[in-house]
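Visitor: Here you go, one structure.
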Amino acid sequence: MLGRARAAEAVGFDVLHTSDHVGGDWASLTTLAALGAATERIRLCPLVLNNDFRHPVELARELAALDHLTAGRMELGIGAGHSFTEYDAIGMTFDPPAVRKARLAESVEIIRRLLDGEAVSFSGAHYELTNARTQRSLQARLPILVGVNGKAALTHAIGHADTIGLTMLGPTLPDGQRHETRWEADRLDATIAHVRSEADRLGRDPELHALVQAVVVTDDQRRIVSTFVEKGLVPTVDDALATPFLAVGTHTEIARHLVECRERWGISYFSVRDVSSFAPV
């Protein structure tokens, strides 16, 4: 793991991510501390923490400490939680999406203020704070990425986050991890139109992020993307070729594809799961 982190830094990646799931995976924040100690330049960001698993004051404390320990390289990626099987495993109520998103919104506001050095008093539907303080982050503004779906949640994220994590996912599937996908290009067009409209209204300009779910290096691009259509992840080959959530083709074709996604949708922050395959891109 530490070797892969050093390799990612050496070839020029900008950010290292960890995931946040109940099970046999590495713990997200502890692992980032180790990755920070093993590297010098690369930034560090959980992608994404489940808001329901941590109180915002405790999370802000951990993030501020990590930011100091890593010389100001921390970012926060956070979401509303989606895996009902993980909630079941720890005996936690899995609230409806609207409730989880509302709780996330309150948490983001609290964390932002705490990391900025404020004493926070807050009275919301989900959190009550009275003059709470934590260590301030080393960075003047520790970046926050919020991964959400839905117009109301996106609007709140636009108003408070530095980066919007575009997911374009539907309901969680029975395994508790995978989702129905909503990767049609016209759906993303509509989402981006909403983001841009709300960003203009709020006077904000958040960065846009996409987690590339599969990187496949091949000289037979259309054959490979056809398999994603056959699996039901996207309805058409054209959608599979256009979506920012897949990167298929030669290294040159993948590079061209991501540039096209940036030009069409404004997405400038791409995360991938395979350092070695993607490095030449």
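Visitor: Which residue is farthest from the chain's Cα centre (by Cα), if the candidates are limited to region 228-281 and must be open to solvent by less than 70 Å² (accessible area, probe 1.4 Å) and of a type in the set (D, E, K, R)?
Guide: Glu253
Visitor: Testing Val22 on (1) assigned to a helix (DSSP H, G or I); (2) touching an Asp or Glu at 6+ places or on another chain (Cβ under 6 Å); (3) in contact (Cβ under 8 Å) with a residue 40 or more places away in the chain, one condition comes back false. Which one is that?
Guide: (1)
Visitor: Picking from Tyr87, Tyr127, which residue would you name as being among the aromatic types (Phe, Trp, Tyr), crowded, with 19+ Cβ neighbours inside 10 Å and at pLDDT 95 or above? Quick ask: steps written out before the conclusion?
Guide: Numbers: Tyr127 fails: crowded, with 19+ Cβ neighbours inside 10 Å.
Criteria check complete, one pass: Tyr87.
Visitor: Can you name every residue in region 25-58 that is out of contact with any strand residue (DSSP E or B) (no Cβ under 6 Å at 6 or more places or on another chain), outside any helix (DSSP H, G or I) and closer than 23 Å to Gly147 by Cα?
Guide: Within region 25-58, the first condition is being out of contact with any strand residue (DSSP E or B) (no Cβ under 6 Å at 6 or more places or on another chain), and the residues that meet it are 25-27, 29-30, 33-34, 37-41, 50, 52-56, 58.
Next, only the ones that are outside any helix (DSSP H, G or I) stay: 25-27, 39-41, 50, 54-55.
The answer is Asp25, Trp26, Ala27, Asn50, Arg54, His55.
Visitor: Search region 65-84 for residues being touching a residue at least 60 places away in the same chain (Cβ under 8 Å) and open to solvent by 50 Å² or more (accessible area, probe 1.4 Å), and hand back the single one that is nearest to the chain's Cα centre (by Cα). Explain how you work it out, then say what you get.
Guide: Within region 65-84, the first condition is being touching a residue at least 60 places away in the same chain (Cβ under 8 Å), and the residues that meet it are 65, 67-68, 71-72, 74-80, 82-84.
Those left that are additionally open to solvent by 50 Å² or more (accessible area, probe 1.4 Å): 68, 71, 82, 84.
Details: His68: 22, Ala71: 22, His82: 13, Phe84: 19 Å.
That would be His82.
Visitor: Would you please list the contacts, defined by Cβ atoms under 9 Å and residues six or more apart or on different chains, that run from a residue in region 109-131 that is of a type in the set (Gly, Ala, Ser) to a residue that is part of a loop (DSSP other than H, G, I, E, B) and open to solvent by 30 Å² or more (accessible area, probe 1.4 Å)?
Guide: These pairs meet every condition: Gly117/Arg133; Gly117/Gln135; Gly117/Arg136; Ala119/Arg133.
Visitor: If Glu180 satisfies every condition in (1) within 16 Å of the chain's Cα centre (by Cα); (2) assigned to a strand (DSSP E or B); (3) surrounded by fewer than 17 Cβ atoms within 10 Å (Cβ to Cβ); (4) not aliphatic (A, V, I, L, M) but one, which is the exception?
Guide: Result: Glu180 passes all but (1).
Visitor: Within region 164-178, does at least one residue satisfy the condition of being small (Gly, Ala, Ser) and closer than 30 Å to Thr70 by Cβ? First the steps, then the outcome.
Guide: Taking region 164-178 as the starting set, the residues that turn out to be small (Gly, Ala, Ser) are 165, 170, 176.
Subsequent filtering for residues that are closer than 30 Å to Thr70 by Cβ retains 165.
Taking every residue of region 164-178 in turn, at least one turns out to be small (Gly, Ala, Ser) and closer than 30 Å to Thr70 by Cβ.
Visitor: Follow-up question, since we're still on this one. Just to confirm my filter: which helices (runs of 4 or more DSSP H) fall fully inside region 81-166 and include at least 3 residues that are in contact with a helix residue (DSSP H, G or I) (Cβ under 8 Å, 6 or more places away or on another chain), over 26 Å from Trp265 (Cβ atoms) and not aliphatic (A, V, I, L, M)? Give the steps one after another, and end with the answer.
Guide: On the way: elements: 84-89, 97-115, 151-160.
In region 81-166, the matching helices (runs of 4 or more DSSP H) lie at 97-115.
Visitor: Now, a different point. If you scan region 41-64, which residues turn out to be open to solvent by 10 Å² or more (accessible area, probe 1.4 Å) and not β-branched (Val, Ile, Thr)? Let's see the steps before the verdict.
Guide: Here is the first cut: in region 41-64, the ones open to solvent by 10 Å² or more (accessible area, probe 1.4 Å) are 41, 43, 47-48, 50, 52-55, 57-58, 61-62.
Correct list: Arg41, Arg43, Leu47, Asn50, Asp52, Phe53, Arg54, His55, Glu58, Arg61, Glu62.
Visitor: List the number of the failed condition for Leu29; all other conditions in (1) within 20 Å of the chain's Cα centre (by Cα); (2) over 23 Å from Ile158 (Cα atoms); (3) aliphatic (A, V, I, L, M); (4) open to solvent by 60 Å² or more (accessible area, probe 1.4 Å) hold.
Guide: Looking at each condition in turn, Leu29 falls short on (4).
Visitor: Starting from region 258-281, take each residue that is without any contact (Cβ under 8 Å) to a residue 12 or more places away in the chain and list its partners that are in a helix (DSSP H, G or I) and open to solvent by 50 Å² or more (accessible area, probe 1.4 Å), counting only C-beta distances under 6 angstrom and pairs at least six apart or across chains.
Guide: Once the first residue is without any contact (Cβ under 8 Å) to a residue 12 or more places away in the chain and sits in region 258-281, no partner that is in a helix (DSSP H, G or I) and open to solvent by 50 Å² or more (accessible area, probe 1.4 Å) comes close enough.
Visitor: Assuming Asp219 fulfils every condition listed in (1) loosely packed, with under 13 Cβ neighbours inside 10 Å; (2) closer than 30 Å to Ala152 by Cβ apart from one, which condition is it?
Guide: Going through (1) loosely packed, with under 13 Cβ neighbours inside 10 Å; (2) closer than 30 Å to Ala152 by Cβ one by one, Asp219 breaks only (2).
Yes/no per residue for (1) free of Cβ contacts under 8 Å to residues at least 24 places away in the same chain; (2) within 20 Å of Ala98 (Cβ to Cβ):
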| site | (1), (2) |
| --- | --- |
| Leu138 | no, no |
| Lys151 | no, yes |
| Leu154 | no, yes |
| Gly159 | no, yes |
| Leu188 | no, no |
| Asp220 | yes, no |
| Ile224 | no, no |
| Thr227 | yes, no |
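Visitor: Pairs only if they're at least six apart or on different chains, beta carbon under 9 angstrom, first in region 200-217 and among the β-branched types (Val, Ile, Thr), second open to solvent by 70 Å² or more (accessible area, probe 1.4 Å) and assigned to a loop (DSSP other than H, G, I, E, B); list them, first residue then second.
Guide: Final answer for the pair search is Val212/Arg273; Val215/Arg273; Val217/Pro280.
The values are calculated or read from the model by the stated rules, or taken from the named source; none is laboratory data. Bear in mind that the values here come from a model prediction, so they are computed numbers and not experimental data. Methodologically, a virtual Cβ is constructed for each residue, glycine included, from the backbone with ideal geometry; neighbour enumeration extends over all protein chains shown. Remember, those area values only see protein heavy atoms, side chains included, never the ligands or the DNA or RNA. Shrake-Rupley method; radii C 1.70, N 1.55, O 1.52, S 1.80 Å.
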